[in-house]
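See below for the structure under consideration.
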Amino acid sequence: MRKLASVKRSTGTKIRRATTGPEILRVHPVMRELRPHHSDERAFVRQVQRQMREGFRLVYLESDGEIRAAAGYRILEMLFSGRTLYVDDLVTRESDRSKGFGGQLFDWLVEEARREECKALTLDSGVQRHDAHHFYLMKRMKIDSHHFSFKLEDVRTADERVL
């Protein structure tokens, strides 16, 4: 695995990887804006650390000592797209939206995909996130599939009997 260098931007921002518990904890307030169900800070750190054992990477954009945006991603091999950087999470702090921080982090992810010799960068976005969709389209992404899911606890197969 390639080592991530701290990247300085001309605007005084830095993009860094969160690898330690305290670093992950610093990202929590921003990530919670996207994932509000992760209200417990310690549980969030444990969850991220579990995901990291499976290849998950967490990065953040910092400016003036404050985390303005964060992204979680992983590198995958997929039959349909080959080596792919998949973005699990991408969020800019609400008070910092439309200030270029999200765009800088997105552009960094594109460059990371190139560094990792990926053929594609993909992500899923909730159908209700219209502002995010506009952002992705402005970044020249295209909508090329539908993502289907259900919670296993909500679905019964034909072989399961309701008692």
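Close contacts from the range 54-65, counting a first residue that is surrounded by fewer than 21 Cβ atoms within 10 Å (Cβ to Cβ) and a second that is at pLDDT below 95 and among the small types (G, A, S), with Cβ to Cβ under 8 Å and a gap of 6+ residues or different chains, come to S63/G12; D64/G12. Among the residues here, G82 does not qualify as crowded, with 16+ Cβ neighbours inside 10 Å and at positive phi.
If you go through the range 117-148 and keep only what is surrounded by 10 or more Cβ atoms within 10 Å (Cβ to Cβ), small (G, A, S) and farther than 13 Å from F106 by Cβ, you end up with A120, G126. Among the residues of the range 1-51, those identified as at pLDDT below 95 and among the charged types (D, E, K, R) are R2, K3, K8, R9. Among the residues of the range 55-63, are any more than 24 Å from R129 (Cα to Cα), out of contact with any helix residue (DSSP H, G or I) (no Cβ under 8 Å at 6 or more places or on another chain), assigned to a loop (DSSP other than H, G, I, E, B) and at pLDDT 95 or above? Scanning the range 55-63 turns up at least one residue that is more than 24 Å from R129 (Cα to Cα), out of contact with any helix residue (DSSP H, G or I) (no Cβ under 8 Å at 6 or more places or on another chain), assigned to a loop (DSSP other than H, G, I, E, B) and at pLDDT 95 or above. Taken over the range 66-103, the criterion of being in contact with a Lys or Arg (Cβ under 9 Å, 6 or more places away or on another chain), in contact (Cβ under 8 Å) with a residue 40 or more places away in the chain and among the acidic types (D, E) is satisfied by D89 alone.
Listed residues V110, V91; which is aliphatic (A, V, I, L, M), crowded, with 17+ Cβ neighbours inside 10 Å and under 29 Å from G12 (Cβ atoms)? The match here is V91. Within the range 110-138, if we keep just the residues that are among the charged types (D, E, K, R) and within 20 Å of R74 (Cα to Cα), the residue that is modelled with the lowest pLDDT turns out to be D124. Quick check: anything in the range 42-53 surrounded by 14 or more Cβ atoms within 10 Å (Cβ to Cβ), aromatic (F, W, Y), under 17 Å from E112 (Cα atoms) and free of Cβ contacts under 8 Å to residues at least 60 places away in the same chain? No: zero hits.
The values are calculated or read from the model by the stated rules, or taken from the named source; none is laboratory data. None of the values given here were measured: they were computed from a predicted structure. Because the Cβ atoms are built from the backbone with ideal geometry, glycine has one as well, and the counts that use them run over all protein chains shown.
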